[in-house]
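The values are calculated or read from the model by the stated rules, or taken from the named source; none is laboratory data. As the structure is a computational prediction, the values presented were derived from the model and not from experiment. Positions of Cβ are backbone-derived with ideal geometry, glycine not excepted, and every protein chain shown enters the neighbour counts.
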Amino acid sequence: MKNAKGAFVGRLFSKDKTKNSNNNGRSDLTRLQVADLNDPDSSTSTGSPRAIFDNSNYDGGSPLNSPTTSPTQPYAPSSPFNKSPWSLHAPSLQLDETGLTGSGNVLIGSLLREQGHIYSLASSGDLLYTGSDSKNIRVWKNHQEFAGFKCHSGLVKAIVISGEKIFTGHQDGKIRVWRLSNKNGNVYRRVGTLPTMRDYIKSSLKPGNYVEVKRRKNAIWIKHIDTISCLGFSEDQKILYSSSWDKTFKVWRVSDFRCLESVIAHDDAVNAIVAGFDCLVLTGSADGTVKVWKREHNGRGTKHTILQTLLKQECAVTALAIDKEETVVYSGSSEGAINFWNRDKHLSHGGVLRAHKFGVLSLITAGRLILSGSADATICVWRREERDHLCLSVLRGHSGPVKCLAVEKEKDTGTATSPEETWWIVYSGSLDKSVKMWRVSEQSQPLSRLYEQQGGTNEVSEMPTSLPYAPSFSDFNPRAIPKTE
């Protein structure tokens, strides 16, 4: 099914195929969750971008919230979300004399352009790249719009960066390569398309290069025939992986943009792919499985063979992430759970993290942290401690599903309370058409300890089902801070 803009509405569950044959394993969101967001008439463009970064001139309002939402109500009053028992939120934590809770994780800014839902993010140095269904890739520098480039290929589903090259995956099944112009410092030019026209024509001349993709329909194996869902690099960044809703992942050589291999990986759409340690590649699919593949060199090409299936469940796998330092694998599911496996125990199952109400749409690791963005419009921050994970914060500020995350280490550490304290800047892109910036510390106190300090309980069984949220400037009320002499 397509909406008015031509963007596919995602299907999360493989078993729904018999009910609606037009969904083809899509993984963005269920139709119910994005019905309002995909309405082209639901909002109007404001023209120039807006940036909000500090509260020095704060007047007590809520500039970051939608007029129809509130900090405790992320959806419109008529939304099914508010009719759910999940919408009963626990009381928020009390403000200390600085106006912030003990967690220390806060919203520090918001970039608004309102020219499309944000589907992809990537950061490199002081540059942030955002992709949306408006066909634009925008480049931000020092929180201001720096440059932008546009292609006529549908929404931008994935962005990855290798050196001076930017690779973008699109709805038309192609990968485009961009590079900053040598003549103009803020102009990006397209330097390639995968597959290249030369390889495509050359392959089309040989009947053996055609594979059956549908009944009575053949296509050349080097090209994706459906939307690209994810992009990722090998450890040495010499190989680019692309996954697609056509049930395959493909392997590309970065140096000459040549397709080395195509693997029919799953029985349904491949939603996520990551390459990690020991030449392993992991794929997650709408068929509910997470598979592990081993990469081997085969002459000038590659060969991927399946090693094991880590997970097999009814609901779709929607996101994957790898902590390469600690060799831990994470997968997010459409029902809101995060499974993880430990490499040092032969990828044995380590447990399940549960804090989200709706599906997990994005996962990313940073130091000892794992961050998850969800269709419930929140971002959960977890800290890994040996074999356990502690929930530090549930970041709130978006009014729509959090589709993508990017993270970079904070350069200015002058605010750190100790030399060991590590801060990260997290960027979150949402279907509410905004990108928000968060400041997150690895040394934040877990939510259970914060509740205990404020008269709560340290029993996990008595923790609220809706966890308290880290404060943001949109929730900040200066009148609530007690005056000091």
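Structure above, values below:
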| item | result |
| --- | --- |
| Flag if Ile273 is at pLDDT 95 or above, buried (at least 24 other Cβ atoms within 10 Å of the Cβ) and either among the charged types (D, E, K, R) or touching a Phe, Trp or Tyr at 6+ places or on another chain (Cβ under 6 Å) (or both) | yes |
| Among residues of the stretch 271-328, those that are more than 28 Å from Gln171 (Cβ to Cβ) and under 16 Å from the mean Cα position of the chain (by Cα), counted | 1 |
| Of residues in the stretch 153-171 being in a loop (DSSP other than H, G, I, E, B) and crowded, with 17+ Cβ neighbours inside 10 Å, the one modelled with the highest pLDDT | Gln171 |
| Pairs where the first residue, in the stretch 213-240, is under 28 Å from Asp133 (Cβ atoms) and without any contact (Cβ under 8 Å) to a residue 40 or more places away in the chain and the second is in a strand (DSSP E or B) and β-branched (Val, Ile, Thr), C-beta under 7 Å, 6+ apart | Ala219/Val211; Ala219/Val213 |
| Pick from the stretch 174-196, criterion crowded, with 21+ Cβ neighbours inside 10 Å and touching a residue at least 60 places away in the same chain (Cβ under 8 Å), ranking: farthest from Phe233 (Cα to Cα) | Pro195 |
| Enumeration of residues in the stretch 285-314 that are charged (D, E, K, R) and under 27 Å from Arg258 (Cα atoms) | Lys291, Lys294, Arg295, Glu296, Arg300, Lys303 |
| Count of the stretch 306-325 residues which are among the polar types (S, T, N, Q) and in a loop (DSSP other than H, G, I, E, B) | 1 |
| Matching entry among Tyr188, Tyr200 (being more than 20 Å from Arg253 (Cα to Cα), modelled with pLDDT under 95 and of a type in the set (Ser, Thr, Tyr)) | Tyr188 |
| Residue in the stretch 197-212 that is farthest from Arg258 (Cα to Cα), counting only those that are touching a strand residue (DSSP E or B) at 6+ places or on another chain (Cβ under 7 Å) and surrounded by fewer than 17 Cβ atoms within 10 Å (Cβ to Cβ) | Glu212 |
| Residue tally, condition in contact (Cβ under 8 Å) with a residue 60 or more places away in the chain and either under 18 Å from Glu296 (Cα atoms) or hydrophobic (A, V, I, L, M, F, W, C) (or both), over the stretch 241-266 | 7 |
| Test for Ala269: is it touching a residue at least 40 places away in the same chain (Cβ under 8 Å), in contact with a Ser or Thr (Cβ under 8 Å, 6 or more places away or on another chain) and closer than 24 Å to Lys135 by Cβ | yes |
| Residue match in the stretch 397-414 (condition: among the acidic types (Asp, Glu) and at pLDDT 85 or above) | yes |
| Scope the stretch 319-341; condition modelled with pLDDT of 90 or more and surrounded by fewer than 19 Cβ atoms within 10 Å (Cβ to Cβ); matching residues | Glu335, Ala337 |
| Total residues in the stretch 278-302, condition assigned to a strand (DSSP E or B) and surrounded by 15 or more Cβ atoms within 10 Å (Cβ to Cβ) | 13 |
| Single residue of the stretch 362-390 satisfying the filter (over 18 Å from Ser333 (Cα atoms) and assigned to a strand (DSSP E or B)) that is modelled with the lowest pLDDT | Asp388 |
| Complete set of residues in the stretch 251-277 that are of a type in the set (Val, Ile, Thr) and either part of a strand (DSSP E or B) or within 25 Å of Lys214 (Cα to Cα) (or both) | Val251, Val263, Ile264, Val270, Ile273, Val274 |
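Here's the yes/no breakdown for (1) in contact with a helix residue (DSSP H, G or I) (Cβ under 9 Å, 6 or more places away or on another chain); (2) closer than 27 Å to Tyr119 by Cα; (3) of a type in the set (Phe, Trp, Tyr):
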site: Asp287; (1), (2), (3): yes, yes, no
site: Glu296; (1), (2), (3): no, no, no
site: Thr302; (1), (2), (3): no, no, no
site: Leu307; (1), (2), (3): no, no, no
site: Asp323; (1), (2), (3): no, yes, no
site: Val328; (1), (2), (3): yes, yes, no
site: Asp344; (1), (2), (3): no, no, no
site: Gly350; (1), (2), (3): no, no, no
site: Ile364; (1), (2), (3): no, yes, no
